[in-house]
Amino acid sequence: MTESPSEPPSFRVLNPQGRAPAVLICDHASRAVPPALRNLGLPDDELLRHIGWDPGTAAIAERLAHALDAPAVLSGVSRLVIDCNRRPDDPTLICEVSDGTVVPGNRDLDDAERERRLARYFRPYHAAIADTLDAARQRSAQPALLSIHSFTPALRAKDEARPWHIGVVWDRDGRLAKPLLQALQDEGDLMVGDNLPYSGRDHSGYSIFEHGQNRGLHHVMIEVRQDLVSSEAGISEWAERLERCFRRMLVEAGILVPASSAA
């Protein structure tokens, strides 16, 4: 890709030659807004909120890519520019209002601007996921798709308690979700949400279904509560937890050879 110095990239690919039988994706890794969009009419503090991105996820994905030796594909722009975890025909693909915040730069968009954002940011990101999975399938017949998200402890627009430390999102394919739920519960100090606070049963999200379920690949999405990954210490703790639980999940799903057996 050729980028101007101030234009954010559509995506980043980390560790593209990673040898693990897994690909990490991070749909809401960035809060960047292209300069031409003028912050979408919002102050910086709004873009720092969960409406602008999933805090902590990029750092966790980067650490897991290194620890697991897995490729990772990270989105390059704020979810308010375009939400890479929504269907192209979803009315919330480009939100006019998000958790009570009006987004002036998204009001009354014409079809040309909507198509421009799809072509410039959304489609290249998803093409990068598909390409990375295709490359991974040259190394492993069944690479797993692991999607990293985070959720806010509270929503402004709703009076809703969200006590879970982590949620596991899945639909009808439990080949990864079930062993991951067990591994997380066995940590002993976590409140784990099974399709909470978001559920794959109502198809929350898009990426794991488009690239995982529709291709017959093992797949799962996780949601870590954002206050737990708001510091360097929290990010380090959760990257270590997830590495441990993901390894166990991949072994129990028959995708990864246990370290003791690798020799």
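Readers should treat all values here as calculations from the given coordinates under stated rules, not as data from a laboratory. Because the structure is predicted, anything quoted here is derived from the model rather than measured. Cβ sites come from the backbone with ideal geometry, for glycine too, and all protein chains shown count toward neighbours.
If amide hydrogens are placed 1.01 Å from N in the peptide plane, which non-local residues have theirs closer than 5 Å to the one on residue 98?
103
Assuming 0.36 nm per residue, please report the length gained on full extension of the stretch residue 189 to residue 69 beyond their Cα-Cα distance. Let's see the in-between values first.
On the way: separation 120, 0.36 × 120 = 43.20 nm, distance 2.71 nm.
Gain on stretching residue 189 to residue 69: 40.5 nm.
Taking neighbour counts of Cβ atoms within 10 Å as a proxy for exposure, in what order, fewest first, do 12, 201 appear? Display every interim value, and only then the final one.
Working: 12 19, 201 11.
The fewest-first ordering by Cβ neighbours comes to 201, 12.
Counting other beta carbons within 10 Å of each residue's own, what order do 33, 251 fall into, fewest first?
Values: 33 20, 251 16.
By the 10 Å Cβ count, ascending: 251, 33.
How long, wide and thick is the stretch 1-66, going by the Cα atoms along their three principal axes, in whole angstroms, largest first?
So the three principal-axis extents are 42, 28, 13 Å.
Per 0.36 nm of contour for each residue apart, how much would the distance between residue 232 and residue 203 grow if the chain were fully extended, relative to their Cα-Cα spacing?
On the way: separation 29, 0.36 × 29 = 10.44 nm, distance 3.18 nm.
Between residue 232 and residue 203, full extension yields an extra 7.3 nm.
Can you give me the Cα centroid spacing of the stretch 81-144 and the stretch 218-263 in angstrom?
The two parts, judged by their Cα centres, are 25 Å apart.
Positive end of the dipole of the chain, charges at C-beta (+1 Lys, Arg; -1 Asp, Glu), about the Cα centre: which of 52, 41, 138 has its Cα farthest in that direction?
138
Within a Cβ distance under 14 Å of residue 174, other residues only, what is the Lys/Arg minus Asp/Glu net charge?
On the way: positive: 172, 175, 178, 201; negative: 171, 173, 194, 252.
After counting each charged neighbour, the total is 0.
Over the Cα atoms of the stretch 65-178, what Rg and Dmax result, in angstrom?
Reported Rg and Dmax, both Å: 17.1, 48.
Roughly what % antiparallel, to the nearest 5, for the DSSP beta bridges in the chain?
Values: 10 of 27 bridges.
Around 35 percent antiparallel, to the nearest 5.
Using θ = phi - 60° and the Karplus relation 6.51 cos²θ - 1.76 cosθ + 1.60, list the HN-Hα couplings for the stretch 217-231 in order, rounded to whole Hz, with x at every Gly or Pro.
Along the stretch 217-231, the couplings run 8, 4, 7, 6, 10, 10, 10, 9, 5, 5, 5, 7, 10, 8, 9 Hz.
Apply 1/(1 + (r/R0)^6) to the Cβ-Cβ distance of residue 101 and residue 259, taking R0 = 41 Å, and write down the FRET efficiency to the nearest 0.05. Each step should come with its number before you reach the end.
On the way: r = 46 Å, r/R0 = 1.13.
The formula returns an efficiency of 0.30 here.
Of 178, 158, how do they rank once you tally other Cβ atoms within 10 Å and put the fewest first?
Values: 178 17, 158 10.
Fewest-to-most Cβ neighbours within 10 Å comes out as 158, 178.
Between residue 134 and residue 45, what's the calculated FRET efficiency when r is the beta-carbon distance and R0 is 45 Å? Round to 0.05. Working shown, then result.
Values: r = 40 Å, r/R0 = 0.89.
After rounding, the FRET efficiency stands at 0.65.
Taking the Cα centre of the chain as the origin, how large is its charge dipole in debye, to the nearest 20, when only Lys and Arg (+1) and Asp and Glu (-1) carry charge on their Cβ atoms?
Charge dipole, the chain, about its Cα centre: 640 debye, nearest 20.
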